[in-house]
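The values are calculated or read from the model by the stated rules, or taken from the named source; none is laboratory data. Bear in mind that the values here come from a model prediction, so they are computed numbers and not experimental data. Reconstructed Cβ throughout: ideal geometry from the backbone, glycine too, with neighbour counts over all protein chains shown. SASA here: full protein model, heavy atoms, side chains in, ligands and nucleic acids out. Shrake-Rupley method; radii C 1.70, N 1.55, O 1.52, S 1.80 Å.
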Amino acid sequence: MSFGSPYLTLPDFTYHRASTVEEVIALLKEHGDEAKVMAGGVGLIAFMKERLMSPAHIIDVKGVEELRQLRYAPGKGLSVGASVTYEELASSEVLKEKYTVLHEAVSRTGDPMIRARATLVGNVCEAIPWIDSAPALISLDASVEIAGARGKRTVPVAGFIRGPVDIDLESDEFVTGIQIPDAVRGTRGAFEKFTGGSEFAVASVAVTLASENKRRRARVVFGSVNSTPVRCTEAEKALEEGEFTQATIRRAAKVAAESVECVSDVLASSEYRKHLVEVVTLQALWRLLQN
Amino acid sequence: MNECVVKVNGQTRRERVKDNVLLLDFLRDKLEVRSVKAACWRGECGLCTVLLNGKLVKSCIVLAVEANGGEVTTVEGITDGSKLAPIQQAFVEHGASQCGFCTPAFVLTCHELLKHNPRPTEREVEEAVSGLVCRCGTYAQIREAIASVSQPPTRAEALQKLGKGVR
Ligand SMILES: Cc1cc2nc3c(=O)[nH]c(=O)nc-3n(C[C@H](O)[C@H](O)[C@H](O)COP(=O)(O)OP(=O)(O)OC[C@H]3O[C@@H](n4cnc5c(N)ncnc54)[C@H](O)[C@@H]3O)c2cc1C
């Protein structure tokens with residue numbers, strides 16, 4: 001019986017298994033302030049055990065067929081439904097080919113058992129500073145699709161994550177999926193993280209390089225170094241100028257280390273994180289340079 | 001309280017269960033399936049791993065009600081009658097058990113790996129068990145046990161490994 005420790009038992013709640021989006025919205029309208037949506041439960045159950053959350057109602061969205069969709073349409077892009085798991089994403093050929101940066105982040109999240117349950121949308125909604133998916137999604141200009149009693153809206157991932165465990169979502173709304181614009185031909189991407197042996201990243205980077213009207217366009221986004229993902233436009237500029245060479249990537253990594261604001265915490269000092277910023281940037285760019 | 005009907009190792013079990021009960025506690029306390037071990041309770045060590053509807057999951061981060069109407073297989077379920085499955089036998093023969101606490105999860109996970117991939121590479125084996133923690137560190141013996149029941153490489157693969165390639 002869980003040894004009676006509050007950390008091992010869950011608070012009381014009523015479990016609802018929704019089967020349509022409308023049902024989720026109706027349940028949220030009724031219990032919104034006291035309810036939490038659950039996808040894989042990987043994060044939510046841990047939060048509840050630690051009493052960081054004690055919702056009176058849990059709305060399981062795994063049974064909603066509409067949210068299970070992982071769809072790619074040329075010109076429109078990729079849409080990832082709220083109950084699409086990491087396992088499904090990691091085995092997606094479209095993701096591997098067209099959205100390499102996200103594929104790399106997804107394949108390196110947790111372990112196979114975690115990936116069988118955890119969802120991308122759940123990861124983003126958790127909005128913990130050290131999640132891996134957010135930098136990759138931001139580097140791809142992805143948006144979060146939200147539905148609620150008052151209708152639908154779309155918010156860029158960059159704006160959706162407002163702070164640690166703080167997202168742009170009303171209590172009567174939930175996330176139906178994530179939309180990623182179609183990648184132009186020849187878009188390349190890489191994700192790197194440094195964990196130092198811990199479960200989560202101490203510093204990570206997502207890089208996406210695309211060509212736009214014959215110009216190189218770069219996106220460089222760091223994770224785990226601050227309370228929210230940090231985009232580094234200075235490093236992006238360094239990558240967009242001139243030839244893409246070893247000298248360019250060295251300069252970009254240096255510029256990133258100089259300009260990205262890093263926090264100090266129990267895992268690492270800000271100075272160490274700045275060093276890691278340079279290292280992971282070099283690692284990601286080196287791979288892009290080589291293939 | 002909800003009625004929860006789950007097929008466990010081929011047997012249909014019907015129990016009333018509270019919404020906030022974990023699949024792990026349901027299996028151990030209600031159904032008395034004690035091979036499912038409880039250790040970290042936070043999805044990290046994987047010793048509570050079971051097959052839920054054909055997928056390996058850590059049962060400490062799954063609700064019992066989520067298994068309602070579904071199927072659960074634990075390490076007991078892979079035994080063929082009274083005969084041990086080849087991977088179970090291999091664990092015995094290679095001393096891959098040590099204290100035995102993590103053994104059910106490792107055996108079940110490896111059994112599942114070999115079912116879908118009879119000839120896993122070392123890298124694939126490592127990836128498959130990466131969510132499991134063996135605290136006494138029988139990893140070397142576990143590796144040997146898996147290698148002993150995985151099918152041998154084809155001639156071409158063996159040559160490739162030797163760096164000879166096949167022309
Ligand atoms: C052992 C372990 C290792 C891990 N390793 C990594 C790692 O390497 N990298 C990494 O980034 N993460 C890692 N994680 C975290 C894991 O990826 C996340 O917990 C998971 O992605 C959350 O998804 P979920 O579907 O389980 O969400 P849930 O647990 O169901 O939900 C998480 C939160 O999001 C909310 N939510 C979920 N879905 C919706 C929705 N549709 N609309 C609105 N709100 C919603 C919930 O209410 C809850 O607050 C790890 C976790 C564990 C336990």
Under 5 Å between amide H atoms, partner at least 5 residues away or on a different chain: which partners does residue B:20 have, H built in plane at 1.01 Å? A:13
Per residue accessible area of the protein assembly as shown, 1.4 Å probe, in Å²: 47
State whether the protein assembly as shown is rounded, prolate or oblate according to the following rule on the C-alpha gyration tensor (a ≥ b ≥ c being the square roots of its eigenvalues): a/c under 1.5 gives rounded; otherwise a/b larger than b/c gives prolate, and the remaining case gives oblate. oblate
Between the stretch B:35-55 and the stretch B:1-31, how far is it from one alpha carbon centroid to the other, in angstrom? 15
Where a ≥ b ≥ c are root eigenvalues of the Cα gyration tensor, a/c under 1.5 meaning rounded, otherwise prolate if a/b exceeds b/c and oblate otherwise, the stretch A:172-291 counts as oblate
Amide H proximity to residue A:37 below 5 Å, modelled H, separation 5+ or other chain, gives A:59
Roughly to the nearest percent, how much of the accessible area of chain A is carbon and sulfur, given a 1.4 Å probe? 51
Sorted list, accessible surface of protein heavy atoms, 1.4 Å probe, largest first, for B:121, A:248 is B:121, A:248
Residue by residue, what Karplus-based ³J(HN,Hα) values in Hz, rounded to whole numbers, does the stretch A:146-152 have, using 6.51, -1.76 and 1.60 with θ = phi - 60° and x for Gly and Pro? 10, 10, x, 4, 8, x, 10
I need the phi-derived Karplus couplings for the stretch A:270-285: 6.51 cos²θ - 1.76 cosθ + 1.60, θ = phi - 60°, integer Hz, Gly and Pro marked x. 5, 5, 5, 4, 4, 4, 5, 4, 5, 5, 5, 5, 4, 4, 5, 5
Ignore the peptide's own chain and count Cβ atoms of other chains within 10 Å of each Cβ in B:18-25; give me the average, rounded. 5
Share of chain B's accessible area from carbon and sulfur, percent, 1.4 Å? 48
With +1 on the Cβ of every Lys and Arg and -1 on the Cβ of every Asp and Glu, the dipole magnitude of the stretch A:120-213 about its Cα centre, in debye rounded to the nearest 20, is 220
Where B:116, A:275, B:111 fall by accessible area, highest first, once all protein chains stay in place (1.4 Å): B:116, A:275, B:111
Entries in A:96/A:193; B:37/B:58; A:36/A:152; B:30/B:115; A:36/A:62; A:237/A:274 that, when Cα-Cα distance is taken, lie over 21 Å: B:30/B:115
With θ taken as phi - 60° and the coefficients 6.51, -1.76 and 1.60, list the Karplus ³J(HN,Hα) couplings across the stretch A:203-220 in order, rounded to whole Hz; mark glycine and proline as x. 7, 9, 9, 10, 10, 10, 10, 9, 10, 10, 6, 6, 9, 7, 10, 10, 10, 10
Quick one: which residues, 5 or more positions from residue B:63 or on another chain, have an amide H under 5 Å from its amide H? H modelled 1.01 Å from N in the peptide plane, none for Pro or chain starts. B:23
Can you pull out the buried accessible area for chains A and B, both sides counted, probe 1.4 Å, rounded to the nearest 100 Å²? 2300
On the formula 1/(1 + (r/R0)^6), with r taken between the Cβ atoms of residue A:283 and residue B:2 and R0 of 56 Å, the FRET efficiency rounded to 0.05 is 0.70
Restricting to Cα atoms and excluding each atom paired with itself, what does the Kirkwood estimate give for the stretch B:93-167 in Å? 13.3
Alpha carbon Rg of the stretch A:1-121, scaled by the compact-globule rule 2.2 N^0.38 Å: 1.21
Tell me what the protein assembly as shown gives for mean residue ellipticity at 222 nm when only DSSP H runs of n ≥ 4 count, each as -39,500 (n - 2.57), the sum divided by the residue total, rounded to 500 deg cm²/dmol. -9500 deg cm²/dmol
Listed residues B:146, B:159, B:52: farthest to the positive end of the dipole of the stretch B:38-167 (Cβ charges): B:159
Average partner coverage of B:124-136, which counts Cβ from other chains inside 10 Å: 2
What angle, in degrees between 0 and 90 and rounded to the nearest 10, separates the Cα long axis of helix B:139-149 from the longest principal axis of the Cα atoms of chain B? 80
Can you tell which of B:76, B:93, B:127 shows the greatest fluctuation in a Gaussian network model of chain B with Cα springs below 10 Å? B:127
Three principal axis lengths of the stretch A:49-181 [C-alpha, angstrom, descending]: 42, 34, 29
Total charge dipole magnitude, the stretch A:234-291, about the Cα centre, Cβ charges on Lys, Arg, Asp, Glu only, Debye to nearest 20: 220
For chain B, what does the alpha-carbon gyration tensor say about shape, rounded, prolate or oblate, given a ≥ b ≥ c as the root eigenvalues, a/c under 1.5 as rounded, and a/b over b/c as prolate? prolate
